[in-house]
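Here the structure is laid out as structure tokens; the discussion comes afterwards.
What follows is calculated from the coordinates using simple rules that are stated; it is not laboratory data. Predicted model only: the values in this text are computed from it and were never measured. Neighbour counts are summed over all protein chains in view; Cβ atoms, including those assigned to glycine, are modelled from backbone coordinates with ideal geometry.
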Amino acid sequence: MREMMLGGLNVRVAGGTDGNGAGDGPLVVLLHGFGAPGDDLVPLARALGAPREVRYLFPEAPLDLGANYFGGRAWWWIDLAARERARARGEERDLSHGVPPGMPEASALLTAMLEEAQATFGADPTRTTLGGFSQGSMVACDVALRTKMPFAGLAILSGTFVSEDEWTPLMPARRGLRVLQSHGRSDPMLPFASASRLHDAMTTAGLEVTWVPFAGGHAIPENVLAALRTFVTG
């Protein structure tokens, strides 16, 4: 594995013929979630067990959350204390309406990263799978819907519906896009119902969604890992 700057983001590169991204194999780009370190998803490069030629890019979110998050980072700031207070009152916060502050900037950085990756790695967008976990999956989804890059697939792992008024009209233009979406039925961070609404909206718009609900919380369990393995290599 090696690290490099692409489009203003620090990116960890793995896989390929030399373990550092060499070759001309398919590209898998995975974004970590809120509060995680930049290398949080790097173990997936080995866990997925994809063919050696598959290359992986793991972009690091731009915001450093400081000592309170033990080196964790974020694509945009989330007030977790306010969310916990709302949960204690029995309130579920609906994040679907409105664009999260900081998401446009995060999406612009990811778009620039993907464009530079095409030039640097000779990465054909039609052989590039874009995805992420939690907050990272929301950035990936935003970019997939707003750009015209012909991605091979989009993986939304424990993400949720945000920017609904903007995302929904954009979805029909992505008709036929392969999507893998997973979510825990007992997710305490992002309610299952909102993820289910995102699934329904994408399916209605004609995206080809593989829906993997599971009994559990905010995580990537083995059955989701197996589904991601098939999705990336299929």
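Taking amide H positions as placed 1.01 Å from N in the peptide plane, with prolines and chain starts having none, which residues 5 or more places from Leu9, or on another chain, fall under 5 Å of its amide H?
Those qualifying (amide H under 5 Å, at least 5 residues apart or on another chain) number zero.
Between Phe192 and Asp79, what is the label-to-label distance in nm when each label sits 7 Å out along the Cα-to-Cβ direction?
Reported label-point gap for Phe192 and Asp79 is 2.9 nm.
Determine the percent antiparallel among the DSSP beta bridges restricted to segment 2-233, to the nearest 5.
35
For segment 14-29 and segment 111-188, what is the separation of their Cα centres, given in Å?
With segment 14-29 and segment 111-188 each reduced to a Cα centre, they are spaced 20 Å.
Go ahead and set up a Gaussian network model of the chain, Cα springs under 10 Å, then flag whichever of Gly16, Gly33, Gly132 fluctuates most.
Between Gly16, Gly33, Gly132, it is Gly16 that shows the largest mean-square fluctuation.
Please identify, among Gln181, Gln135, Gln118, the residue showing maximal mean-square fluctuation in a Gaussian network model of the chain using a 10 angstrom Cα cutoff.
Result: Gln118 has the largest fluctuation of those listed.
Among Ser96, Ser134, Ser182, determine the one that fluctuates most according to a GNM of the chain built with springs between C-alpha atoms less than 10 Å apart.
Of Ser96, Ser134, Ser182, the Gaussian network model singles out Ser96 as fluctuating most.
For helix 103-121, report the angle its Cα long axis makes with the longest principal axis of the Cα atoms of the chain; keep it between 0 and 90° and round to the nearest 10°.
The helix 103-121 is inclined about 10 degrees to the chain.
DSSP loop (so not H, G, I, E, B), at most 11 other Cβ within 10 Å: list which trypsin sites (Lys or Arg not before Pro) in segment 108-209 pass both filters.
Listed in order of number, the matching sites are Lys148, Arg175.
Per 10 Å bin, what is the whole-percent P(r) computed from every C-alpha pair distance within the chain?
For the chain, the binned pair fractions read 8, 35, 39, 16, 2, 0 percent.
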